[in-house]
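Note sheet for the following structure.
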Amino acid sequence: MNANYQLDYIEGIPAKCPVIGCPAQLPPQQLLAHLLMLHRPEDSMQELGDEWQNICELDLFELSPGSNHVVDAIAYAGSGKANRSRPIGQELQLLHHLPILVMLYVRPPKVNVEQQYILYLVAPVASRRVRAHVSLLSEWDGSELRGMRCLRNYLDAPLNDSEELLHCNMDYLIYKATDVWKHSTAGAMCTIQLSVVLLGEPNLFEVPDDQQEQSA
Ligand SMILES: [Zn+2]
């Protein structure tokens, strides 16, 4: 269905822990567990609510090809309409927050294939209800550039909103290096801005194909 489905190997590539001074380098799922168990969530994650825009700035010179990088570590609280939104405390309230890592993998260039920047979301559950609108912002006019989305598992049927949104542990958003560099700042610091907007209600006990509750 999609020639990019073999991107699964990215999950095994270590990324550096985003907490300053911590030397840990782990594959994304293990890194998420590390953040939850070995750091205080209020130090290592930021709380985001439904439809809040978070803009992440990255220095392109620090993104080495062949490596995974943490763009953002989020405790997602949802809309709070169901009293789920609580401030992050010393004990992350897992019943109320869905921990999510926004990851970036820089795929090195190959013969006849341009270098690519691949974004994806990592969470403890493969969530279909929590989804994100992720895009690259242009510093010149603030416009958004949409990446090419592809499914992690080509056997998955595309979701209705698959053209617009990323789902945790399910899909990737791919940008060509020329587009990324075109949208970066010029000068000594070569930075890009990524916009991340999360949508939907977190539910750590979500099970795949749970149609009952959705149709209720
Ligand atoms: Zn750490």
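Restricting the search to the stretch 179-198, which residues are among the polar types (S, T, N, Q) and either assigned to a helix (DSSP H, G or I) or in contact with an Asp or Glu (Cβ under 6 Å, 6 or more places away or on another chain) (or both)?
Selection gives Thr185, Thr191, Gln193.
Could you list all residues from the stretch 178-188 that are in contact with a strand residue (DSSP E or B) (Cβ under 6 Å, 6 or more places away or on another chain) and modelled with pLDDT under 90?
Answer for the stretch 178-188, where residues must be in contact with a strand residue (DSSP E or B) (Cβ under 6 Å, 6 or more places away or on another chain) and modelled with pLDDT under 90: His183, Ser184, Thr185.
Are there any pairs with C-beta distances below 8 angstrom linking a residue in the stretch 6-33 that is among the β-branched types (Val, Ile, Thr) to a residue that is within 11 Å of the ligand (Cβ to nearest atom) and in a loop (DSSP other than H, G, I, E, B), with the two at least 6 apart or on different chains, and if so which?
Cβ pairs passing all conditions: Val19/His39.
From the residues in the stretch 3-45 that are exposed (fewer than 14 other Cβ atoms within 10 Å of the Cβ) and away from the ligand (no atom under 13 Å from the Cβ), which one is farthest from His69 (Cα to Cα)?
Ala3
With respect to Leu136, determine if the residue is in a strand (DSSP E or B), modelled with pLDDT of 90 or more, in contact with a strand residue (DSSP E or B) (Cβ under 9 Å, 6 or more places away or on another chain) and away from the ligand (no atom under 16 Å from the Cβ).
Against the criterion (in a strand (DSSP E or B), modelled with pLDDT of 90 or more, in contact with a strand residue (DSSP E or B) (Cβ under 9 Å, 6 or more places away or on another chain) and away from the ligand (no atom under 16 Å from the Cβ)), Leu136 qualifies.
The values are calculated or read from the model by the stated rules, or taken from the named source; none is laboratory data. As the structure is a computational prediction, the values presented were derived from the model and not from experiment. When we count neighbours, we look across all protein chains shown, and the Cβ atoms used for this are built from the backbone with ideal geometry, even at glycine.
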